[in-house]
Amino acid sequence: MSLWNNTTYDVRLRAVRAVLEEQLPVTVVAQAYGTNRSTIHRWLARHQQGGDTALERRPVSGRPRKLGSLDAGGLRQIVLAPASEFGYETDFWTTRRIIQVIDARFGVQVSKQTVMRRLHEAGLTYQKPEREYFELSEEERQEWVRKEVPKIRAAVKKYHAILYFQDEANVSLTALLAKTWAPRGRTPKQTVTGKRGGVAAMSAITSRGNLIFRLHEKRIASPEVMDFLAQMLQHHRRRHLVVVMDQAPPHVSKATRAFIESQCRLHVFHLPKYSPDWNPDEKVWNHLKHQELKGHQAKTKDELSQLTHQKLTSMSHDPELLRGIFFRCCAAELLTFN
């Protein structure tokens with residue numbers, strides 16, 4: 001299992017397949033890929049006329065490019081290599097660094113706007129990286145795919161079970177701020193609380209957009225994990241549940257393992273270590289913090305708890321949104337389990 005390459009062609013193809021094969025609504029796919037419905041419909045029309053190849057970028061007319069010797073492939077080769085290989089202290093690329101490398105390698109001075117346009121044409125966007133831990137072992141992840149994935153598939157099939165991905169998070173009183181338009185040189189202000197603290201939360205999501213959650217006033221430990229698993233079983237009184245979670249200490253403690261073994265309808269599997277990017281439920285927390293609670297005005301933990309409960313409840317009543325969130329996880333191959 002590997003992360004997708006986010007070229008413009010890949011994005012178009014994945015979006016079209018999400019509508020045609022996964023039967024996701026156009027509105028959900030547009031939201032998941034950060035575009036609008038008319039664009040998705042245009043891609044669908046092109047695909048209907050010419051198949052996958054019709055989604056490739058079309059050549060355009062115009063004056064010769066100033067940087068004709070550097071095509072999209074060459075630019076991607078530069079940007080996808082660590083910046084430290086070009087003498088920089090860190091591995092991250094900025095527009096200024098790219099301009100400097102182009103000048104040094106090709107003897108051509110280009111503007112920031114030109115570089116940004118060429119980056120977009122090459123299917124590159126300016127993104128905040130996800131954490132990838134030093135301790136992560138790609139060998140262990142591939143071994144998990146070979147050994148654990150078949151077991152999960154077999155358990156879902158044998159018991160006609162519902163597959164859930166589970167995770168927990170801490171929602172902070174310190175709100176994440178959103179960008180907004182403002183006069184140049186005059187940074188806008190957003191009033192938020194300076195108090196520390198937060199709300200602990202647990203949730204579990206399915207590929208069909210079902211969401212179960214619970215909030216806690218204290219740090220989550222083994223008793224809270226067991227209570228949440230019991231809540232899930234109570235929610236599905238006649239169904240077996242297959243739950244995939246990470247290897248956090250409360251998930252693998254002796255008490256938690258004993259509880260799992262005592263429940264005949266509960267089948268728990270653990271993700272490889274340091275692999276949050278393989279858990280679709282991580283995307284739920286990302287959406288909650290960066291979209292639903294962005295710039296929130298809660299001043300106390302009680303206010304934050306009420307607001308978080310309200311937002312999660314609203315999300316749980318929107319299965320199309322949750323299916324779109326789930327679909328964006330790189331563990332999309334697991335969607336076929338249900």
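The values are calculated or read from the model by the stated rules, or taken from the named source; none is laboratory data. All figures in this text were calculated on a predicted structure; none of them were measured in a lab. So basically every Cβ, Gly included, is an ideal-geometry build from the backbone, and we count neighbours across all protein chains shown. Heads up: the accessible areas ignore ligands, DNA and RNA and are worked out on the full protein's heavy atoms, side chains in. Shrake-Rupley method; radii C 1.70, N 1.55, O 1.52, S 1.80 Å.
Structure above, values below:
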quantity: Positions within the range 14-45 being of a type in the set (S, T, N, Q), farther than 18 Å from Thr125 by Cβ, part of a helix (DSSP H, G or I) and without any contact (Cβ under 8 Å) to a residue 40 or more places away in the chain, in sequence order; calculated: Ser38
quantity: Check on Ser275, small (Gly, Ala, Ser), closer than 27 Å to Val149 by Cβ, out of contact with any His (no Cβ under 6 Å at 6 or more places or on another chain) and modelled with pLDDT under 95; calculated: yes
quantity: From Val252, Val268, residue being out of contact with any helix residue (DSSP H, G or I) (no Cβ under 8 Å at 6 or more places or on another chain), open to solvent by 10 Å² or more (accessible area, probe 1.4 Å), more than 30 Å from Gly34 (Cα to Cα) and of a type in the set (A, V, I, L, M); calculated: Val252
quantity: Exclusive hit being more than 24 Å from the chain's Cα centre (by Cα), modelled with pLDDT of 85 or more and among the aliphatic types (A, V, I, L, M), set Ala72, Ala54, Ala30, Ala18; calculated: Ala54
quantity: Among the residues listed as Arg323, Arg328, Arg239, the single one being of a type in the set (D, E, K, R), in contact with a strand residue (DSSP E or B) (Cβ under 8 Å, 6 or more places away or on another chain) and either in contact (Cβ under 8 Å) with a residue 12 or more places away in the chain or crowded, with 18+ Cβ neighbours inside 10 Å (or both); calculated: Arg239
quantity: Strands (runs of 3 or more DSSP E) completely within the range 158-263 that count 3 or more residues being out of contact with any Lys or Arg (no Cβ under 6 Å at 6 or more places or on another chain) and more than 25 Å from Leu322 (Cβ to Cβ); calculated: none
quantity: The lone exception for Arg105 - which of (1) more than 22 Å from Tyr9 (Cα to Cα); (2) exposed (fewer than 12 other Cβ atoms within 10 Å of the Cβ); (3) at pLDDT below 90 it fails; calculated: (2)
quantity: Residue within the range 176-198 that is surrounded by 14 or more Cβ atoms within 10 Å (Cβ to Cβ), closer than 23 Å to Glu224 by Cα and within 20 Å of the chain's Cα centre (by Cα) present; calculated: no
quantity: Single condition His309 does not satisfy, out of (1) open to solvent by 80 Å² or more (accessible area, probe 1.4 Å); (2) farther than 17 Å from Asn210 by Cα; calculated: (2)
quantity: Test: residue in the range 242-251 that is touching a residue at least 60 places away in the same chain (Cβ under 8 Å) and among the polar types (S, T, N, Q); calculated: no
quantity: Filtered residues of the range 66-81 (kept if open to solvent by 50 Å² or more (accessible area, probe 1.4 Å) and either in a loop (DSSP other than H, G, I, E, B) or aromatic (Phe, Trp, Tyr) (or both)); calculated: Lys66, Gly68, Ser69, Asp71, Leu80
quantity: Given (1) out of contact with any His (no Cβ under 9 Å at 6 or more places or on another chain); (2) under 18 Å from Ala204 (Cα atoms), number of the condition Thr300 does not satisfy; calculated: (2)
quantity: Pick from the range 276-306, criterion of a type outside the set (D, E, K, R) and under 16 Å from Arg214 (Cβ atoms), ranking: most open to solvent (accessible area, probe 1.4 Å); calculated: Gln306
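Residue by residue, here is whether (1) outside any loop (DSSP other than H, G, I, E, B); (2) surrounded by 14 or more Cβ atoms within 10 Å (Cβ to Cβ) holds:
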residue	(1), (2)
Tyr88	no, yes
Trp93	no, yes
Met116	yes, yes
Pro150	yes, no
